[in-house]
Each structure stands twice: as C-alpha cells, then as structure tokens.
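S.K.: Below is the structure I would like to discuss, written out as structure tokens.
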Amino acid sequence: MRTSPRPFLIALAALLALVLVPVAADRFAAARVESRTAKAFQEGMGTPLPPQVHVRGVPVLTQLAAGTLRHVDITAHDIPADGSERPLPVTELSVGLDGLSKSDDDKEARAREAEATAYLSYPDISNALGIEIGQAAQPGRITAKVLLPLGSEVDVTTAVSAASGNRISFHDFQVTGGALPAIGRTLLDRVFAEPIQLRNIPEGLHLRTVSTTATGLSAHFSGESVTFRPDEGSQRGSEEDSAGRAA
C-alpha cells in the first residue's frame, strides 16, 4: 500500500511558511527603514538624489524593537556646500555607522561610532579655489597652475593635509615649471593661506587624513557619537532657494 505524499507536502508548506513569512517581514522592515533614512538624509543634506542606504544584520525587526540598528552603510553623491565663501561640494560620501538610533523627536539620528570617506573632485576644488588644480607626481601633493600677467604660466606643487575643524590645508610650495615672481607668490598666498572648509559633514566626524588620487582628493573621517542633522549653512541656502522660487 502506497503512502500518500499529501501530509508530507502540507507539512513542508507549513514549514516554509514559518520560515519565509518572517524573512519577508524582516526584509520589508529593512527596506522601509532604508527608504526613510535615504529621504531624511536627502532633505537634510540637500542632495539632488536620495543616497544608497543598506541596513546590515538580521533580523532587522529585533534591532528596531531595541531602538538601535547595529550597522548602516550610506553612500551619497553631490553634497552641496552652501553658506561658504569657497564652497567645495562633496562628490561622494560613504559612511559606515555602528549603533544607529534616532532622537525622540525624530529630528536627528545618532551613531555610536562611524567612519567615512569623502571624495572631492579636482574640478570642484579648482572652482572653490579659483585656480586650476590637479594631481602631482609625488604622493600627497597637488599641482597648481598660476596665470601671470601677459599670459605666462607657472606650475607649482603643494602638499595637502588634514587640519582641525574638518579643513584641508595647503603648505610646502615648490615651483616645478617657470619662474615665480612676487606677484605669483602673492596670488598663491591669497589662494592657499587659509585652509578650505568641508561643509555638510555629520557632527562628530573628524577629518583624519587626506590623500591624492588621479581625479581628486580622498578624505577619511572617523568619530564617536556622530549626529546627522541638517547643516545650518545648507538650511539657509535651501531657505533662500525656496524664497527665490516663491518670488
């Protein structure tokens, strides 16, 4: 007498339901958190598109119940630098957040600790400084092309490094092509004397190192108790833009 496979199939279907339904619910919860985080980041930072957000670790539902996400990765593009005299937008910002939780009023999110890398393109740096910038042959240095009266040019290199307050400083100038007259030195002093400020960096992240690449600068940050909230300069810029559109 052959045994009917129906009881076995019913049991298997029930087992799959017990496994798959919680997994689907957990994936739905993760997707919802990722979407809401991306929207909040876009509104706060003023990016043209929402960033990519990935919540790591399962189950996510238990993390949400505890009020803290173990790890979240965020990758954003074209972060503006409104409110600065020499605005330098961040071409790409990749952030890894550990222990992310939100405030009671939902106006900010805070991570126990975080690491981030910001990429700054040479064209954007050139626009911010008002002088043509590129990669030098030596690591940690960039080139600058100084335009002099009567159409002559002088090529110099300068070292870049991290400065306090999330700023990039320039020092140790070296002439690599042509002769640098006094007027050229005055121009370089005016352009590079003050470090350039990086804006819209989450509070609590501190610039540690700056390195050069073929297409731009790579800035590494780390910090504890890192808070995400709209940058004041960005808020002012957004309010001014909104007022201009309304007018």
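S.K.: Evaluate the range 187-200: report whether one residue or more is farther than 21 Å from D78 by Cα, at pLDDT below 95, open to solvent by 30 Å² or more (accessible area, probe 1.4 Å) and in contact with a Leu (Cβ under 7 Å, 6 or more places away or on another chain).
M.R.: Taking every residue of the range 187-200 in turn, none turns out to be farther than 21 Å from D78 by Cα, at pLDDT below 95, open to solvent by 30 Å² or more (accessible area, probe 1.4 Å) and in contact with a Leu (Cβ under 7 Å, 6 or more places away or on another chain).
Conditions tested, residue by residue: (1) under 22 Å from F221 (Cα atoms); (2) among the polar types (S, T, N, Q); (3) crowded, with 18+ Cβ neighbours inside 10 Å; (4) at pLDDT below 75.
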| site | (1), (2), (3), (4) |
| --- | --- |
| I142 | yes, no, yes, no |
| P149 | no, no, no, yes |
| G165 | yes, no, no, no |
| H171 | yes, no, no, no |
| V175 | no, no, no, no |
| G184 | no, no, yes, yes |
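S.K.: With the condition being within 24 Å of S225 (Cβ to Cβ) and touching a residue at least 12 places away in the same chain (Cβ under 8 Å), I'd like the strands (runs of 3 or more DSSP E) fully within the range 26-136 carrying at least 3 qualifying residues.
M.R.: Values: elements: 52-56, 69-79, 90-102, 109-121, 132-135.
Once the strands (runs of 3 or more DSSP E) in the range 26-136 are filtered for at least 3 residues that are within 24 Å of S225 (Cβ to Cβ) and touching a residue at least 12 places away in the same chain (Cβ under 8 Å), what remains is 52-56, 69-79, 90-102, 109-121.
S.K.: Here's a follow-up. For a quick check of your reading of the model, give me the residue pairs whose first member lies in the range 202-228 and is at positive phi, whose second is part of a strand (DSSP E or B) and β-branched (V, I, T), with beta-carbon atoms closer than 6 Å and at least 6 apart or on different chains.
M.R.: Close Cβ pairs satisfying both conditions: G204/V226; G204/T227.
S.K.: Sticking with this one: Is it fair to say P80 is within 24 Å of Q197 (Cα to Cα), open to solvent by 20 Å² or more (accessible area, probe 1.4 Å) and touching a helix residue (DSSP H, G or I) at 6+ places or on another chain (Cβ under 7 Å)?
M.R.: On the way: within 24 Å of Q197 (Cα to Cα): yes; open to solvent by 20 Å² or more (accessible area, probe 1.4 Å): yes; touching a helix residue (DSSP H, G or I) at 6+ places or on another chain (Cβ under 7 Å): yes.
The answer is yes for P80.
S.K.: Mind listing whichever residues of the range 63-73 are open to solvent by 80 Å² or more (accessible area, probe 1.4 Å) and not small (G, A, S)?
M.R.: R70
S.K.: Return yes when G46 is at positive phi and either of a type outside the set (S, T, N, Q) or open to solvent by less than 20 Å² (accessible area, probe 1.4 Å) (or both) and no when it is not. Lay out the reasoning, then the answer.
M.R.: On the way: at positive phi: yes; either of a type outside the set (S, T, N, Q) or open to solvent by less than 20 Å² (accessible area, probe 1.4 Å) (or both): yes.
Taking the combined requirement at face value, the residue satisfies it.
S.K.: Let me ask something else about it. Among the hydroxyl-bearing types (S, T, Y), open to solvent by 60 Å² or more (accessible area, probe 1.4 Å) and more than 16 Å from R199 (Cβ to Cβ): which single residue out of S94, S35 fits that description?
M.R.: Values: S94 fails: open to solvent by 60 Å² or more (accessible area, probe 1.4 Å).
Just one listed residue meets the conditions, S35.
The values are calculated or read from the model by the stated rules, or taken from the named source; none is laboratory data. Nothing here was measured: the structure is a model prediction, and the numbers come from that model. Heads up, the Cβs are rebuilt from the backbone with ideal geometry, glycines too, and the neighbour counts pull from every protein chain shown. Protein only, heavy atoms only, side chains kept; ligands, DNA and RNA dropped before computing areas. Shrake-Rupley method; radii C 1.70, N 1.55, O 1.52, S 1.80 Å.
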